[in-house]
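Contents: one structure, followed by commentary.
The values are calculated or read from the model by the stated rules, or taken from the named source; none is laboratory data. What you see is a predicted model; the values in this text were computed from it and never measured. Here the Cβ is made from the backbone with ideal geometry for all residues, glycine too, and neighbour counts use every protein chain on show. Side chains are part of the model used for accessible areas, which takes the heavy atoms of the whole protein and leaves out ligands, DNA and RNA. Shrake-Rupley method; radii C 1.70, N 1.55, O 1.52, S 1.80 Å.
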Amino acid sequence: MTGAVALIVGSGAPRLELESEQRQTVETPYGAPSSPVSTLTIGGRRLRWLARHGLHHGIAPHEINYRANLWALHALGVTDCIAINAVGAIDPALLPGRLAVPRQLIDYTWGRAASFAPAGTVVHTDFTEPFDAALAARIAGAAERCGSPAVAGVYGVTQGPRLETAAEIDRLERDGCTMVGMTAMPEAVLAREIGIRYAVCAVAVNYAAGREPAAAPIHSQIERYLEEGLGRVAALLEPLVGSLPAGA
Ligand code: HPA
């Protein structure tokens, strides 16, 4: 049963202009989440949302307290989480400004706290399918209905905060990655551990390093395509939320 639904919003969060009612500061055993958890209403349904990089985008991907974020949402009764993540486009089928709903991931991150298991205990989480298939299908369905069909594929999660070299992107492509971003891990596995259904709506904001057809600095691409991509995300939220099963 779907209970509370949450959005974890990444780069460009302020541009989505989400309502911020009832901001709650949640204490967790892992410290403070990236931001207070706010409430917003979409299509008559109340959702929670959290800004992954903080309300002023001050927290780098490798410094995000992913455990505190997931713990806080779980403590507030969240059962389903839609993550919005900016990515670079590797597969030519994915154009900057467009959406992707990854069905698989490859984790290239290191040194991030990636489990809730206390020291001295071992948890081998089944992660064969890292994203919730039904939730991913609902995101893709809503995108399609809004005229923004989403590419499926594999999300390569890099450590950052620097962008990749062209050779690193060649390697990710050989590995089968469709897109590259820095934040789906350990977010996805922590959601799985704590029992939250989790899927990603990725926004391609640039051609991955070495993939741009004309010389266009990555940062100027991001400026341009983030706006377009987040416009597509804003348009799909209402149909997406309307397609979710009724709340518990
Ligand atoms: N690489 C890694 N993470 C990203 C990128 C990229 O090109 N664009 C947005 N997030």
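Taking each DSSP H run with n ≥ 4 as -39500 (n - 2.57) and averaging over every residue of the chain yields -8500 deg cm²/dmol at 222 nm.
The share of C-alpha pairs in the stretch 1-89 whose separation exceeds 21 Å stands at 24 percent.
Note on the stretch 63-142: with neighbouring protein chains present and a 1.4 Å probe, carbon and sulfur make up 57 percent of its accessible heavy-atom surface. Which helices count as membrane-span-like in the chain under these terms: full DSSP H, at least 30 Å along the axis by C-alpha, Kyte-Doolittle mean of 0.0 or more? Helices meeting the span and hydropathy rule in the chain are 218-243. Accessible area per residue for the chain, computed on protein heavy atoms with a 1.4 Å probe, is 43 Å².
Counting protein heavy atoms only, the stretch 186-248 has 56 percent of its accessible area on carbon and sulfur, 1.4 angstrom probe.
Ordered from largest to smallest accessible area (heavy atoms of protein chains, 1.4 Å probe), the residues S38, S20 come out as S20, S38. H53 sits among other residues whose Cβ lies under 14 Å from its own Cβ, and their net charge, with Lys and Arg +1 and Asp and Glu -1, is 0.
Summarised as an ellipsoid, the stretch 53-107 has semi-axes of 25, 16, 11 Å, derived from the eigenvalues of the Cα gyration tensor scaled by 5 and square-rooted, with the largest first. The share of C-alpha pairs in the chain whose separation exceeds 35 Å stands at 8 percent. In terms of overall dimensions, the stretch 55-195 has a Cα radius of gyration and Dmax of 15.4, 49 angstrom. Measuring with a 1.4 angstrom probe and ignoring ligands and nucleic acids, E21 comes out at about 70 Å² accessible. When both bridge partners sit in the chain, DSSP labels roughly 30% of those beta bridges antiparallel.
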